[in-house]
Amino acid sequence: MEEVPREAPRSQAQDRAPGPDAETQLTVGSPDAMQDLGRRIAGLLRPGDLVLLTGELGAGKTTLTRGLGEGLGVRGAVTSPTFVIARVHPSLTGGPALVHVDAYRLGGGLDEMEDLDLDVSLPESVVVVEWGDGKVEELSEDRLHVVIRRAVGHEEVLDDVREVMVRGTGTRWSAGSGLETLAGASAE
């Protein structure tokens, strides 16, 4: 994977969060490399972390989450929770559980998500929310946002290649959080 250093543009939501944002840009060449990226991100996570995943259908959000689950050492196959909304994967290693949420069908923002008790799960778990933009940011001022886009080359979409932006917001993800280490392996 290749890092492209870049300063993150500031938005109003980022202006409310304390501390500077950290951002890393990567090119991921295959689903296996996406899963590996998830395992490497898992090495940076700790209980209480909120991860938002953004990308079109089929971009690789669940594949990345599968890698997160492997890296965290959780029980159960990580699959898309689209129809059940949320799945909890307990740790097999004494670490945090993985709470995997798919907010695609939820349109009411945090109010609609309150029934999931994510605010209760967050302190002792890693909560990953697919399609969470504009819906769960209020859960934590410190969050990791992963945006996955299909790569385009010479006017065509490159099937398995993805451009991935990993941005940490808040003091938890400021300088020294380890995001810069994600660019350590080359894309497959």
- Query: Residues with amide H under 5 Å of Asp49's amide H, sequence separation 5 or more or different chain, H placed in the peptide plane at 1.01 Å from N; which?
  - Reply: Val127
- Around Asp49, with a cut-off of 10 angstrom between Cβ atoms, what is the net charge of the other residues, counting Lys and Arg +1 and Asp and Glu -1? +2
- Using amide H atoms built 1.01 Å from N in the peptide plane, name the residues 5+ places from Val74, or on other chains, whose amide H lies under 5 Å from its own. Leu92
- Query: From the phi of every residue in the range 131-145, what ³J(HN,Hα) in whole Hz does the Karplus formula 6.51 cos²θ - 1.76 cosθ + 1.60 yield, where θ is phi - 60° and glycine or proline is x?
  - Reply: 6, x, 3, x, 10, 10, 4, 5, 5, 7, 6, 9, 8, 10, 10
- How large are Rg and Dmax for the range 18-61 when only the alpha carbon atoms are used, in Å? 12.2, 35
- Val161's amide H: which non-local residues (gap 5+, or another chain) put their own amide H closer than 5 Å, with H modeled 1.01 Å from N in plane and none for Pro or chain starts? Ala151
- Item | For the range 41-89, the fraction of alpha-carbon pairs in successive 5 Å shells from zero, as % | 4, 19, 30, 30, 15, 3
- Item | Accessible-area value, Asp133, 1.4 Å probe, nucleic acids and ligands omitted, Å² | 70
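The values are calculated or read from the model by the stated rules, or taken from the named source; none is laboratory data. It should be emphasised that the depicted structure is a prediction, and the values quoted were computed from it without experimental measurement. We place every Cβ from the backbone using ideal geometry, glycine too, and count neighbours over all the protein chains shown. Keep in mind that these areas ignore ligands, DNA and RNA; they rest on the heavy atoms of the full protein, side chains included. Shrake-Rupley method; radii C 1.70, N 1.55, O 1.52, S 1.80 Å.
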